[in-house]
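Have a look at the structure below before the remarks.
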Amino acid sequence: MSTTVAALFPADLLAHWQGHRRLTRRVIEAFPDESLHSFSVGGMRPFAALASEMLAIAVPMLREIVSGEPASYAEVVPASKAELLAAWDAATSELDAWFAKVPSDKFAETLTVFGQFTGPVWSHIAYAIDNEVHHRAQGYVYLRALGIEPPAFWHRD
């Protein structure tokens, strides 16, 4: 019988999340400018709106976790692909900065974020990652419907 305890360290979790963010950035880059804000399938929102949701969750949530100041959920859809990529890059840097300020013992603490979602900090972070994966998958469907081969889903470097 083994007494080894498996653990996911904060640095590993951040590296995993940043791998997803790099891949999502590749999906944004793959979109034609004219389709990013207008193309959808089956009544889903255009990918620019989906990416805006991801931006409205990650950094504001981490800021709230660290500072204790209530975060407001506010989607702002950048007007162009260049603006979306710039916002994505800025948020990715901010994500690193805020994540580094989360003390290790805070991950198990129960908090309410955005004034309505209560759970342990680790589960809020997992939700942000899951939300990104879900919406990125919608982007894959859009790209394929546009006749564009999406980036390999496993390529997170």
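The values are calculated or read from the model by the stated rules, or taken from the named source; none is laboratory data. Model, not experiment: these values are computed from the prediction. Quick reminder, even Gly has a Cβ in these numbers, built from the backbone with ideal geometry, and neighbours come from all protein chains shown. Heavy atoms of the whole protein, side chains included, go into the accessibility calculation; ligands, DNA and RNA do not. Shrake-Rupley method; radii C 1.70, N 1.55, O 1.52, S 1.80 Å.
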I'd like the accessible area for L95, computed on protein heavy atoms only with a 1.4 Å probe and all protein chains in place. Round to 10 Å², please. 0
Mind checking the log10 I(q)/I(0) for the chain at q = 0.19 Å⁻¹? Debye, one equal scatterer per Cα, no solvent, two decimals. -1.18
Loop-only check: which GluC sites (Glu not before Pro) in region 34-106 are DSSP coil with at most 15 other Cβ within 10 angstrom? E75
Taking protein heavy atoms only, a 1.4 Å probe, and rounding to whole percent, the accessible area of the chain owed to carbon and sulfur comes out at 59
Enter the accessible area per residue of the chain (Å², integer; probe 1.4 Å; all protein chains in place). 53
What's the FRET efficiency of R26 with A100 using the Cβ-Cβ distance as r and R₀ = 22 Å, to the nearest 0.05? 0.35
So what is the relative contact order of the chain, in percent, for Cα pairs below 8 Å that sit 6 or more residues apart? 32
Under the classification rounded if a/c is under 1.5, otherwise prolate if a/b is larger than b/c and oblate if not, where does region 22-107 fall, given a ≥ b ≥ c as square roots of the Cα gyration tensor eigenvalues? prolate
